[in-house]
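To start, the structure itself, in structure tokens.
The values are calculated or read from the model by the stated rules, or taken from the named source; none is laboratory data. Predicted model, so just to flag it, every value in this text is computed and none were measured. Quick reminder, even Gly has a Cβ in these numbers, built from the backbone with ideal geometry, and neighbours come from all protein chains shown. What goes into the accessible areas is simple: the full protein's heavy atoms, side chains included, and nothing from ligands, DNA or RNA. Shrake-Rupley method; radii C 1.70, N 1.55, O 1.52, S 1.80 Å.
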Amino acid sequence: MNNLRNEIVFFINKEKVVVAGEDAFLPLSSFLRYRKNLTGTKVVCSEGDCGACTVILGWLDENRKIHYTMVDSCIQFVFQLDLCHVITVEGLNLNNELHPVQNSMIRHFGSQCGFCTPGIVMALTDLTLKQKSFNAPEIQEKLTGNLCRCTGYEPIVKASLALNDESMPDLLSSLDSAEIEKQLQQLADSNVIIEFTQNGEKKTAIKPANLADALTLKAKYPQVRLVAGATDFGVQTNKGRAKDKNVMFIAHLHEIGYLKKNAEQLEFGATANWSRIRDFCRSEIPQFSEILDIFAAEQIRNAATIGGNIANGSPIADSLPVLFALNASLKLLSESSERIVPINSFYRGYKQLDLQQNEIIGGVILPLPVKNSVLRLFKVSRRKDLDISTVTMAIYLEMDGNKIQSAAIAAGGVGPVVLRLHSVEKFLVDRTIEPSVFEEAARLAAEEISPISDVRGSKEYRTLLIQNLLQKFSLEREALV
Amino acid sequence: MASNGVYIPHESAKGHVTGQAHYIDDLPRLHAELYVGYLGSPVAHGKILSINLDKAKKIPGVVGIYTHKDIQGENLFGPIIKDEKFLAYDVTHFLSEPICVIAGEYPEAIEKAKAAIELEIEELEPILSIDKAIEKQKFIGKKIKIERGDTSAGFAASDHILEGSFITGGQEQFYLESQIAFAIPQEENDLLIYSSTQNPTEIQKVVAEVLGLGHHEVVCICKRMGGAFGGKETQGVHVALMAALVAQKTRRPARCGYDKDTDMKVTGKRHPYKSFYKMGYSQDGEILALEIDYYSDGGCTADLSPSVLSRTLMHTDNAYFLPNIRTTGQICYTNFPSNTAFRGFGGPQGVAAIENLIEEIAIRLGKDSLEIRKKNLYGPGRETTPYGQIVRNNILPNLIERLVTESDYHARLAEIQEYNRSSKLNLKGIALTPVKFGISFTTKFLNQGNALVNIYTDGTVQVSSGGTEMGQGLYTKLRQIVADQFAIPVEDVKVMATSTEKNNNASPTAASAGTDLNGNAAVNACEKIRERLAGFAATLLADQAAGISPEAAEVCFDDAQVFDRRLPDKKISFKELVIKAYKERISLGERGFYATPGIDFNNDTGKGNPFYYFTNGAAVTEVLIDRFTGELKLEKIDVLMDIGNSINPGIDHGQITGGVVQGLGWATNEALTYNEKGELLSHSPTTYKIPGIKDIPLHFNVNFFDNPEHQINVLRSKAVAEPPLMLGISAFCAVKNALSSVLGTSGANINLPATGEEILMALQKTGVAKMQS
């Protein structure tokens, strides 16, 4: 085991911050507002669905170089921030001059009530850190995670486009990023354990130095809840539905943050976040990247990990149907062993996993579609972007000429877990992709699913969607030939 | 240089973009400040049998728990009808209705206290729908009516009669800053309250009356709101009362704010409506008779529902002359939080009702809906509304023509029809809908405003009014108006926080009338000061030798200088004039007042002249629908608005884009879902989907329509905040247009909002969704 530290060390703008005790469990947004009086960061929803609390977060990669991405600070907890550099809206004006993003927002009437504005300013500032120029769709993409109720967005798009003509100041230098990187590097390689007692309750937050120590600590503290991006944990905690007293943060574990490919398969380490996976899949499985394009928004994709998504086990997780249809497997790690489990048998019921208490999801192996195959992924939600799906579906057909040789069809949102539609799969074998076949497939599908009515749609609507998606698929194929 | 008509940035824009503009939760915590929470009714409708606070009071950190017994004034308030209790004690009328207010040293103590309060309540059968309220005949207030002509004769003369019902859903305001108030005890019994409210006077009044204080013992201040949209016209009062009660009892500062989920669950929204209609129309699409009975879901108290409903009836005509019409309205009592103001204030429900029917006429006659709309517009000899007001300066026919041309409507319609014939996967639709929105509060006495203008001895100016800033740009426009009155730079004018101490008995900042009422009042104040200054300047600028005697009427204020028109070379700066005037003991402060002229309405007869003028506009929206999922995509939006002279085109443009998008949200995607207990399930942005940036097409054109004949109101401007919202209905009509291409002439009977589910189910009913090639 590596050496031990009992405090979280990170930077906010240019200030070094050391936290021990109960503040480690605060959401970053609360820490900023109520401990540091940095009230420029606003909180609206506390669930990562509005972007008002957007900050830029710098973190060390496996080469200990600092990278900056934007995240929602309401669902980042202080215990996740060890060795990080947080840039808030206040950090843009330490020299008392406005940033060009701010000037452009002022000039183009990009703010009305002003409450979403700091979050939008931070998202756009992050964009200027990543790209020299950008078009309107790229701006829309960047701001998908930021809700504004006043402007109708059009003035914000204008303000953003106008930035193409501006030269940008070196924000990172002005915040001494290189010096901060150096200071953070010197602190790496420690296990951090924060323990304290509050109202008679003991709370523990652990940040292991590396994977080996993580597995050792997981064996030693089997009751800890693993937290990676915290994009669901944060929501559950903020809304009072989760009251975990013991957490272990693992998203920084680079050993399981890999992305690998060979001719047959892709491998994702469990702590790989969705932004990285989306880019990585673009050439091999573009359909998956397209689903990830409408998976939450960038702030969430920068934090949320594939391992977290799988462990969370939601039947409406956008990522799961493709993993089911392509027969992905999971690598489960413990201190003493490693085992491989097919994802199709990993879920035993609603949020019931085949995962031992001492185990960690280490990675995902995703077989690539074979040469003569068709893969089509669907997500239907009330709003196209930044919404949780009503229904998801993956259709994977291996073809022998015109004939379907084998079929794998997975559907989400129509049962307690993602379902494989076995009777439909069986029916399709040796048949061709044509409307009459898929009309019958749709009829069979309706018998195989058990949707419920909830806030995202009625039972009838979901049933109809599953049927229609199958038929839409066949019509689309027909349109192609 | 006048600032009128200039793109001057929002006066708080710098504060917005740097995060330094303060909202109430940003104010630093004060010494000994308390947290405030409450325990609400666990059922939508129940009878309280007992409340036991003993255990809860003993929890460490709990400072006080208060019930109705602790209220020193009257436990009853309401803006129109006094029917709302602050703290329930006998019967509760909605889920989470406040029963006990809890003060704590820290938030956890409040959570523990809530769990420890022993509340015994007997569940009563709630009314959770308009249908149920109608069945049980549970209504709030009386039935209202607007009618003219003879509908029976109209029906008899009609070629076609259409009867049916139509539902428009509720809508959450979704201001980003949730309800919040901060009460700070002052000397004696006085209370200072910072409130995020469109109506500081109402907060002052209700807090004083419930707490047993004089109005003069309560001061309410609002610097800005993080959005409001009507949702803070009355709904800010609950958190203000809770904070104030704790401050009164403990003499400690107390802040009370809702989190987003609580806010959405317990505050009022746009009223859902169900209407029953009977319409008669000719073969060429002219509406000859119309009867609509509206039922609004008022929630459990009156709140603003009567005024909202009357505006619905007044906007059923929208832009159309309806010769024979009878509209009635009834507010349903339901066990939901009382529904309230939301941008448009009943107007959208009326406009949606008529536009839905116009679209139906077009579909059923197989005609272009634009043709039907044009046929029914107000025009020569057809310019009187059903309530008797004459539509003057009726520019809509010209405005529509220009929009038709600029949006290339006819060519696009033809392309869409062709597309729908060939596309197996998608459908397209297009619609142009107009809006004619009446400006003024329909309650006459609210149409007044006052403003205070103070000039300091360095020539800078502070102005304050009863109008509040929620992002709409009132403060920016006031700044411009006042700067131009003295011909000084806008930088020399500051608009101060709205406070009941400076501006008494103010109306809510609502009805789009903020600039009209407060801007006119500010002009009135400035004119009085300017008159004094001009009189004094005349003596300074006169030149007896040159035969120029002092003449106030000849004094000019221009470019921060003052001169006599007859001696333009002899100038003194405004600043110099001000300090000289001060030394001559001339008053440099003034209060201005304004009352909108010529408006009145008789609620009993349903007749009158309720509006000072109308704001007009139209929009063309094109939509794309996935035939298999019902998913909707907005493809193009073109908007043209008549807003008179725009005092600040940047601000007004943003009011239009923002208003249209809110209307699009209401018309297409924002759906409120409740469970069988009356609990709101869509209570946060995860489940309640307002438009996001990708929902807005990049083809989103907004233009102003020049209207030189509009000669009234401050700087010949027009109110702009609400009217564009109703243009979102164009998307709903475009959906109907798209559906009609497969549903044929049997109509496209969908309700609003046109969610993916609503659309798919409509397609499914006809088997179209499963249609094969």
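In table form, for the structure just shown:
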{"quantity": "The stretch B:290-404 - share of DSSP beta bridges that are antiparallel (%, nearest 5)", "calculated": "25 percent"}
{"quantity": "Distance violations [Cα-Cα > 24 Å] among B:Lys145/B:Lys736; A:Lys130/A:Lys158; A:Lys426/B:Lys633; A:Lys158/B:Lys436", "calculated": "B:Lys145/B:Lys736; A:Lys426/B:Lys633; A:Lys158/B:Lys436"}
{"quantity": "Helix-only [θ]222 nm of chain B, DSSP H runs n ≥ 4, -39500 (n - 2.57) each, per residue, nearest 500", "calculated": "-8500 deg cm²/dmol"}
{"quantity": "Dipole magnitude of the protein assembly as shown about its Cα centre (Cβ charges: Lys, Arg +1; Asp, Glu -1), debye to nearest 20", "calculated": "760 debye"}
{"quantity": "Charge context of B:Asn52, other residues only, Cβ under 9 angstrom, K/R +1, D/E -1", "calculated": "-2"}
{"quantity": "Relative contact order (%) - chain B, alpha-carbon pairs under 8 angstrom, separation at least six", "calculated": "15 percent"}
{"quantity": "Folded to 0 to 90 degrees: helix A:459-480 orientation relative to chain A principal axis, Cα", "calculated": "80 degrees"}
{"quantity": "Kyte-Doolittle at least -1.0, axis length at least 15 Å by Cα - qualifying DSSP helices, chain B", "calculated": "B:200-211, B:237-250, B:347-365, B:396-407, B:474-486, B:520-541, B:649-668, B:729-743"}
{"quantity": "FRET E, pair B:Lys570, B:Glu491, Förster distance 25 Å, beta-carbon r, rounded to 0.05", "calculated": "0.45"}
{"quantity": "Shielding by partners, peptide A:138-151 (average Cβ within 10 angstrom, other chains)", "calculated": "6"}
{"quantity": "Packing rank of A:341-349, B:573-581, B:312-320, where each peptide gets the mean count of other beta carbons within 10 Å, highest leading", "calculated": "B:312-320, B:573-581, A:341-349"}
{"quantity": "DSSP-defined beta bridges in chain A - what % are antiparallel, rounded to 5", "calculated": "85 percent"}
{"quantity": "Cβ charges +1 (Lys, Arg) and -1 (Asp, Glu), total dipole of chain A, debye", "calculated": "740 debye"}
{"quantity": "Amide N proximity, the stretch B:85-102 versus B:Glu122 label position 7 Å along Cα-to-Cβ, cut-off under 15 Å", "calculated": "B:90-92"}
{"quantity": "Shielding by other protein chains, B:628-637, mean Cβ within 10 Å", "calculated": "4"}
{"quantity": "Average partner coverage of B:672-680, which counts Cβ from other chains inside 10 Å", "calculated": "1"}
{"quantity": "Top positive-direction residue, dipole computed over the protein assembly as shown with Cβ charges, set B:Ile390, A:Gln352, B:Gly678", "calculated": "A:Gln352"}
{"quantity": "With DNA, RNA and ligands ignored, accessible area of A:Trp59 (1.4 Å probe; Å², nearest 10)", "calculated": "80 Å²"}
{"quantity": "Filter on A:Lys207/A:Lys245; B:Lys57/B:Lys114; B:Lys112/B:Lys232 - keep pairs with C-alpha separation over 22 Å", "calculated": "B:Lys112/B:Lys232"}
{"quantity": "Set of aspartates and glutamates near B:Lys55 by C-alpha distance (under 16 Å), chain-local residues within fewer than 8 positions excluded", "calculated": "B:Glu108, B:Glu111, B:Glu118, B:Glu120"}
{"quantity": "Antiparallel bridges, percent of DSSP beta bridges restricted to the stretch A:153-306 (to nearest 5)", "calculated": "65 percent"}
{"quantity": "Residue (of A:Leu470, A:Asn402, A:Val424) at the positive-pole extreme of the stretch A:372-481, dipole from beta-carbon charges", "calculated": "A:Leu470"}
{"quantity": "Around A:Phe295: net Lys/Arg minus Asp/Glu count, Cβ-Cβ under 12 Å", "calculated": "-2"}
{"quantity": "Carbon plus sulfur fraction of accessible area for the stretch A:372-481, probe 1.4 Å, in percent", "calculated": "49 percent"}
{"quantity": "Where Cα atoms sit under 15 Å apart: lysine pairs in the stretch B:448-595 separated by 8 or more or lying on different chains", "calculated": "4"}
{"quantity": "Anchor A:Lys202: aspartates and glutamates whose Cα lies under 15 Å away (excluding residues fewer than 8 positions away in-chain)", "calculated": "A:Glu22, A:Asp23, A:Asp244"}
{"quantity": "Relative contact order, percent, the stretch A:290-443 [alpha-carbon distance under 8 Å, six or more residues apart]", "calculated": "23 percent"}
{"quantity": "Estimated inter-spin distance, A:Ser406 and B:Glu415, nm [label 7 Å along Cα→Cβ]", "calculated": "4.7 nm"}
{"quantity": "Percentage relative contact order, the stretch A:372-481, counting C-alpha pairs under 8 Å, at least six apart", "calculated": "22 percent"}
{"quantity": "Helix axis angle, A:117-130 relative to chain A longest principal axis, alpha carbon, degrees", "calculated": "80 degrees"}
{"quantity": "Distance between modelled label sites at B:Asp150 and A:Glu195, nm, 7 Å Cα→Cβ extension", "calculated": "9.3 nm"}
{"quantity": "Span from the the stretch B:68-140 Cα centroid across to the the stretch B:204-283 one, whole angstrom", "calculated": "15 Å"}
